[in-house]
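The values are calculated or read from the model by the stated rules, or taken from the named source; none is laboratory data. All figures in this text were calculated on a predicted structure; none of them were measured in a lab. Every residue, glycine as well, gets a Cβ built from its backbone with ideal geometry; the counts of neighbours run over all protein chains shown.
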Amino acid sequence: MTTARNTEQDQRAPQPARPAQAQGATKPATDANRPAGGSSGSATRTTSGRSDANRFARPADAPEPRRNPRVVSNSGVYKPTEQRRSASDLISQLTPEVPQKATRGWRSWFGLKPSQREADEFRDLATVKTVFRRPVTVMVANPKGGSGKTPTSVLLAGAFGLHRGGGVVAWDNNELRGTMPDRTFSPHRRNVHDMLAKLEQLRWSTSQFTDLAYFLNHQDTGNFYALGSAQHAGHVVTGQNFRQVHELFARYFQVIVVDTGNNEAAPNWTAAAAEADCLVVPTKWRKDSLIPAARMLESLQDTNPGLLDRTVIAATNGPEDSQKGVKASGASWFGSNHPIVEIPTDPHIAEGGVIDYSLLHKDTRRAALRLAAEVSLRLVGGGLAQE
């Protein structure tokens, strides 16, 4: 009994006071005194004496942080007032436009800007390299035989192919026995008739460019392909044939140059005119060449007036082909509505054989570039440039 009473008195006796906790000491956290889930209860004190809830609070003497001003739209949705930023701004700053410098002559020795003549050439080069939003078709036509249609087609295809890096085909759409195979490098004589015989296979989804190239002749110095016309009387190309071949070319080429025959009523001629995005009219400064060309343009006013707005005149001057008085009248009539590009007399073209672009006189190559630039400007004016 005495022992039990003494034990009860010990339990009732006051406990000695605990020593005061040192200032700045942290009370150890235990599972017993930590709020369950951390969502309620008093905040845990840190070594600095500030609670977790206030450890990231802005000091009283700190400046007010800068906030993105916002406005409220009519629909009640908050929208930032600052405009959307574009990486293009940075790209334009890091890649500034480099001023053009002369590339030939004494100006290039001192790093000077190009002469006006060279600057014009730079401008034409940039125009010829225009990216089109779809394949474009350029028709070369004049009902007068011997007006220079095929040489002009070769020059134009070469200018486009050389400066665009390929993607160009020159197609002799003469109804029968055109001279494209004779004016281009042609190690084989496969032509449009042979291609039409394999048209079904060439239109398969599994068909490749090499299958089509079997029928074409590549021109190394002009960087374009050439296709000859039918060579036998029983193989005349129809309008439907033209559309079939054109559809096939549009799958593989960016620029399609179509050389034509002398018959404006031929179905393949009218089909080409309907498909053309631009018309190039070669003519000599002679009466027998100017008058048929003028009559063709007169007829197009009724059948295809829109094409007249995208027409370029190419003056093809062979030896003794230019008549001074006739030239003045012809240039006045044609030049009132269409740009005229003079193609100088070139002995290599006058020979009548294969036209090697690298053997042309520099003035002839420059004129071909000018012609291609004028064609490109007509195409751009027709809304065909890629935005």
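Results, tabulated for the structure shown:
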| quantity | calculated |
| --- | --- |
| Flag for Ser147 being hydroxyl-bearing (Ser, Thr, Tyr) and at pLDDT below 95 | yes |
| Residue within region 264-274 that is in contact (Cβ under 8 Å) with a residue 40 or more places away in the chain, over 18 Å from Thr152 (Cα atoms) and in a helix (DSSP H, G or I) present | yes |
| Given (1) within 30 Å of Val169 (Cβ to Cβ); (2) assigned to a loop (DSSP other than H, G, I, E, B); (3) among the hydrophobic types (A, V, I, L, M, F, W, C), number of the condition Leu125 does not satisfy | (2) |
| Residues within region 223-239 that are surrounded by fewer than 22 Cβ atoms within 10 Å (Cβ to Cβ) and within 25 Å of the chain's Cα centre (by Cα), tallied | 1 |
| Index of the failed condition, His361 passing every other in (1) of a type outside the set (Phe, Trp, Tyr); (2) under 24 Å from Gly165 (Cβ atoms); (3) surrounded by 14 or more Cβ atoms within 10 Å (Cβ to Cβ); (4) touching a residue at least 24 places away in the same chain (Cβ under 8 Å) | (4) |
| Residues (in contact with a strand residue (DSSP E or B) (Cβ under 6 Å, 6 or more places away or on another chain) and part of a loop (DSSP other than H, G, I, E, B)) located in region 143-157 | Ser147, Gly148 |
| Search result, residues across region 173-213 that are closer than 23 Å to Val140 by Cβ and of a type in the set (Lys, Arg) | Arg177, Arg183, Arg189, Arg190 |
| Filter result (β-branched (Val, Ile, Thr) and either surrounded by 17 or more Cβ atoms within 10 Å (Cβ to Cβ) or in a loop (DSSP other than H, G, I, E, B) (or both)) within region 327-358 | Val341, Ile343, Thr345, Ile349, Val354, Ile355 |
| Only listed residue being modelled with pLDDT of 95 or more, over 22 Å from Val354 (Cα atoms) and in contact with a strand residue (DSSP E or B) (Cβ under 8 Å, 6 or more places away or on another chain), chosen from Phe249, Phe160, Phe224 | Phe249 |
| Qualifying residue in region 248-262 (condition: part of a loop (DSSP other than H, G, I, E, B) and more than 28 Å from Arg164 (Cα to Cα)) | yes |
| Search result, residues across region 280-317 that are under 17 Å from Met139 (Cβ atoms), charged (D, E, K, R) and outside any helix (DSSP H, G or I) | Asp309, Arg310 |
| Yes/no for Arg177 being among the basic types (Lys, Arg), assigned to a loop (DSSP other than H, G, I, E, B), touching a residue at least 40 places away in the same chain (Cβ under 8 Å) and touching a Ser or Thr at 6+ places or on another chain (Cβ under 8 Å) | yes |
| First in region 152-173 and at positive phi, second anywhere and not charged (D, E, K, R), Cβ under 8 Å, 6 or more apart | Gly165/Asn223; Gly166/Asn223; Gly166/Phe224; Gly167/Gly161; Gly167/Phe253; Gly167/Gln254; Gly167/Val255 |
| Answer from Leu248, Leu227 - the residue that is in contact with a Leu (Cβ under 7 Å, 6 or more places away or on another chain), farther than 14 Å from Ser153 by Cβ and in contact (Cβ under 8 Å) with a residue 40 or more places away in the chain | Leu248 |
| Options Val136, Val131, Val154; residue that is among the aliphatic types (A, V, I, L, M), loosely packed, with under 12 Cβ neighbours inside 10 Å and under 16 Å from Ala372 (Cβ atoms) | Val131 |
| Hits in region 83-122 - residues which are part of a loop (DSSP other than H, G, I, E, B), surrounded by 10 or more Cβ atoms within 10 Å (Cβ to Cβ) and among the aliphatic types (A, V, I, L, M) | Ala102, Leu112 |
| The lone exception for Tyr252 - which of (1) within 21 Å of the chain's Cα centre (by Cα); (2) buried (at least 18 other Cβ atoms within 10 Å of the Cβ); (3) hydroxyl-bearing (Ser, Thr, Tyr) it fails | (2) |
| Sole exception among (1) in contact with a Pro (Cβ under 6 Å, 6 or more places away or on another chain); (2) without any contact (Cβ under 8 Å) to a residue 40 or more places away in the chain; (3) not aliphatic (A, V, I, L, M) for Gly148, by number | (2) |
| Identity of the residue in region 292-318, touching a Lys or Arg at 6+ places or on another chain (Cβ under 8 Å) and among the β-branched types (Val, Ile, Thr), that ends up modelled with the lowest pLDDT | Thr316 |
| Count of residues meeting criterion [farther than 24 Å from Leu308 by Cβ and within 16 Å of the chain's Cα centre (by Cα)] in region 355-387 | 2 |
